[in-house]
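Beneath this line is the structure, given in structure tokens, with notes to follow.
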Amino acid sequence: MHIFSTNWCLLLANKRQTNILLLYSGNSLFYRVPLHFYYNITMPKLPSLLLITVFAQHLLFCGAVKLKGNEIAIASHRHHFDKSVHQEALEYGNAAKFRFRRFQSPSAIKGALSACRNSPLKWFQGKDGRKGYVSSTKLGGDWVLAESEQTAPECTSEEVLRAYLTGELQERWNEKEVLECKINVKKGKRGPRHETHYQQDLVLKSQRVITSHTGIMRYSQTISIDKIGENDYTVLVRLDPEQQTSATSTKKPFESLSVYVGLKQKGDDVQISAAGIMEVNRKVIPNLLVFDASGIAGAMAGKGTLWLASYFNERREMVARASTLSS
């Protein structure tokens, strides 16, 4: 055991197999897991700490990360959602002109999309545990609208962002579609302002199209995060304009892509709302496939993000089981 200070202790539990760091302070355990999440369990008996490694090894799978440099890269911060800027409504057959405005509340975005939505969001529950409300609507031509709503239990909005920005987690929960996901922080001028954002490079697995396959698809997108008040966030995702002519986007599934994600802290839980508007690239996804365009779009902005609530539900169950065994 290595002592950091009089209040903190560090345990390397089963280092060769799990690479899990355990932090113990007073009678509460905060253990450091590979994906930089903290679990707080009342556990007065120090030997009981070793029980945690069994569950942590079952749920988490990648190498340890450093404690430094884990701050969320925020593009801008406002005290309240912006009601002074009108979020224009989405029009059927005119999706190319639609833009998600910054600092908009989830309710404002939902209202702007309501006229084009074919039906209310429907409950979805997958075999892998993801669950939430989803909707997918064709907008005319090669354009598609995908929406989802979910609630992540017993976590903070910042923790949800950290999970969302972890490429290994996105690969794990979207293993049928995603071959590789890399996310890096970028700093520099974007438009008229200098702001920090993320660059996400995605490699998608080949998808079957009737009697053929799309081949491996790849593209890059930017992720800009604005903080609202103390606990809420809005996220805008778009195709990276600086990467569209490079080899990373030679077989991109979308000609255009714009996604909004809103995070609102509600007590101990986080409400997650996502909406995406995409134009399918028919050079990659043939015209023979009429509805599968909605399926791929839904996987990226709808069902593809429902793993967030499931991930934190797994975390809650793991903590409860560990606490029961330690008592």
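Identify, please: which residue in segment 84-102 is surrounded by fewer than 19 Cβ atoms within 10 Å (Cβ to Cβ) and of a type outside the set (D, E, K, R) and is, among those, farthest from GLU279 (Cα to Cα)?
Per the stated criteria, the residue is SER84.
Do we find that ASP128 is among the acidic types (Asp, Glu), part of a loop (DSSP other than H, G, I, E, B) and modelled with pLDDT under 85 in this structure? Give the steps one after another, and end with the answer.
On the way: among the acidic types (Asp, Glu): yes; part of a loop (DSSP other than H, G, I, E, B): yes; modelled with pLDDT under 85: yes.
So ASP128 passes the test.
Every residue, every condition in (1) assigned to a loop (DSSP other than H, G, I, E, B); (2) touching an Asp or Glu at 6+ places or on another chain (Cβ under 7 Å); (3) farther than 24 Å from THR196 by Cα, yes or no:
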position	(1), (2), (3)
PHE81	yes, no, no
HIS86	yes, no, yes
TYR92	yes, no, yes
ARG102	yes, yes, no
SER107	no, no, yes
LYS110	no, no, yes
ALA115	yes, no, yes
PRO120	yes, no, yes
PHE124	no, no, yes
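Just name the residue that is modelled with the highest pLDDT out of those in segment 185-218 that are hydroxyl-bearing (Ser, Thr, Tyr) and in a strand (DSSP E or B). Spell out how you get there, then give the answer.
Initially, segment 185-218 is screened for residues hydroxyl-bearing (Ser, Thr, Tyr), giving 196, 198, 206, 211-212, 214.
After this cut, where a residue has to be in a strand (DSSP E or B) as well, the list is 196, 198, 212.
Working: THR196: 90, TYR198: 95, SER212: 61.
Among those residues, the one meeting the criterion is TYR198.
Here's the yes/no breakdown for (1) touching a residue at least 60 places away in the same chain (Cβ under 8 Å); (2) at positive phi; (3) out of contact with any Lys or Arg (no Cβ under 6 Å at 6 or more places or on another chain); (4) buried (at least 20 other Cβ atoms within 10 Å of the Cβ):
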site: SER114; (1), (2), (3), (4): no, no, yes, no
site: ASP128; (1), (2), (3), (4): yes, no, yes, no
site: LEU139; (1), (2), (3), (4): yes, no, yes, yes
site: ALA146; (1), (2), (3), (4): yes, no, yes, yes
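Which residue is nearest to LEU113 (Cα to Cα), if the candidates are limited to segment 290-325 and must be at pLDDT 60 or above and among the acidic types (Asp, Glu)?
So the first thing to find is which residues in segment 290-325 are at pLDDT 60 or above, and the list is 302-325.
Subset that is among the acidic types (Asp, Glu): 314, 317.
Working: GLU314: 32, GLU317: 35 Å.
Residue satisfying both the conditions and the ranking: GLU314.
Looking for something touching a Cys at 6+ places or on another chain (Cβ under 6 Å) and without any contact (Cβ under 8 Å) to a residue 60 or more places away in the chain - is there at least one such residue anywhere in segment 71-88?
Here is the first cut: in segment 71-88, the ones touching a Cys at 6+ places or on another chain (Cβ under 6 Å) are none.
There is no residue in segment 71-88 that is touching a Cys at 6+ places or on another chain (Cβ under 6 Å) and without any contact (Cβ under 8 Å) to a residue 60 or more places away in the chain.
Which of the following residues is over 18 Å from VAL235 (Cβ atoms) and either in contact with a Phe, Trp or Tyr (Cβ under 9 Å, 6 or more places away or on another chain) or not assigned by TED's automatic domain parsing to the domain that holds LEU202 (or both): PHE100, PHE124? Walk me through how you get there before you give the answer.
Values: PHE100 fails: over 18 Å from VAL235 (Cβ atoms).
None of the other options fit; the residue is PHE124.
Among the strands (runs of 3 or more DSSP E) confined wholly to segment 228-289, which include 3 or more residues that are at pLDDT below 90?
254-266, 269-280
So in segment 148-192, with the set limited to residues that are of a type in the set (Lys, Arg) and closer than 22 Å to MET278 by Cβ, which one is surrounded by the fewest Cβ atoms within 10 Å (Cβ to Cβ)? Can you show your working first?
First, the residues of segment 148-192 that are of a type in the set (Lys, Arg): 162, 172, 176, 182, 186-187, 189-190.
Next, only the ones that are closer than 22 Å to MET278 by Cβ stay: 176, 182, 190.
On the way: LYS176: 11, LYS182: 14, ARG190: 16.
The selected residue is LYS176.
Report yes if some residue within segment 152-160 is assigned by TED's automatic domain parsing to the domain that holds ARG102, closer than 14 Å to LEU308 by Cβ and either assigned to a strand (DSSP E or B) or modelled with pLDDT under 90 (or both); otherwise report no.
Kept after step one, since they are assigned by TED's automatic domain parsing to the domain that holds ARG102, are these residues of segment 152-160: 152-160.
After this cut, where a residue has to be closer than 14 Å to LEU308 by Cβ as well, the list is 152-160.
Restricting the remaining residues to those that are either assigned to a strand (DSSP E or B) or modelled with pLDDT under 90 (or both) gives 152.
Yes, segment 152-160 contains at least one residue that is assigned by TED's automatic domain parsing to the domain that holds ARG102, closer than 14 Å to LEU308 by Cβ and either assigned to a strand (DSSP E or B) or modelled with pLDDT under 90 (or both).
The values are calculated or read from the model by the stated rules, or taken from the named source; none is laboratory data. In this text the structure is predicted, and so the values were computed from the model without any measurement. When we count neighbours, we look across all protein chains shown, and the Cβ atoms used for this are built from the backbone with ideal geometry, even at glycine.
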